[in-house]
Amino acid sequence: MLGGFDGFGVTDRVMKYDLKTKASSVIYGLKLACARENHTSQLLAGDRVIVSNGWNGHESLRDVDLIHFDRSANTLKRGTLSAEDKKLLNEM
């Protein structure tokens, strides 16, 4: 789960949801570039999630954030868009 509204304000938190236990937990050490809600996300190539647009509590957002899943280390980290990513976005 990426960002959203936590009942107090717009958040930049990244959380994981365990389908077996039906529990969510914050992934500490990883945040979105800015707090956002009402955004959209798209899975790219199975290991990257693009988070775009939305609302930060004050104004509409028109930017893109990238979260990368490193399967070998089983970790998430913020990334930068590659030329291939930018091309895919332009084709959408």
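No lab work stands behind these numbers, since they all come straight from the coordinates. On a predicted model such as this, the values are computed, not experimentally measured, just so you know. As a convention, Cβ positions derive from the backbone with ideal geometry for all residues, glycine included, and neighbour counts pool all protein chains shown.
Among the GluC sites (Glu not before Pro) in segment 1-85, which ones are in a DSSP loop with at most 15 other Cβ atoms within 10 Å of the Cβ? Mind listing them?
Sparse-neighbourhood loop GluC sites (Glu not before Pro): GLU59.
With +1 assigned to the C-beta of every Lys and Arg and -1 to the C-beta of every Asp and Glu, and no other charges, what is the dipole magnitude of the chain about the Cα centre in debye, to the nearest 20?
260
Name the residues whose placed amide hydrogens come within less than 5 Å of the amide hydrogen of LEU61, ignoring near sequence neighbours (fewer than 5 apart) on the same chain.
The answer is GLY54, TRP55, ASN56.
Determine, for segment 2-91, the count of lysine pairs separated by eight or more sequence positions (or lying on different chains) whose alpha-carbon distance falls under 21 Å.
Value for segment 2-91: 4.
Given the -39500 (n - 2.57) contribution per DSSP H run of 4+ residues, what per-residue ellipticity at 222 nm results for the chain, rounded to the nearest 500 deg cm²/dmol?
The helix contribution divided over the chain gives -3000 deg cm²/dmol.
Go through (1) 16.2; (2) 14.0; (3) 14.6 and flag the label whose value is the computed Kirkwood radius over Cα pairs in Å for this structure.
This structure yields the entry labelled (2).
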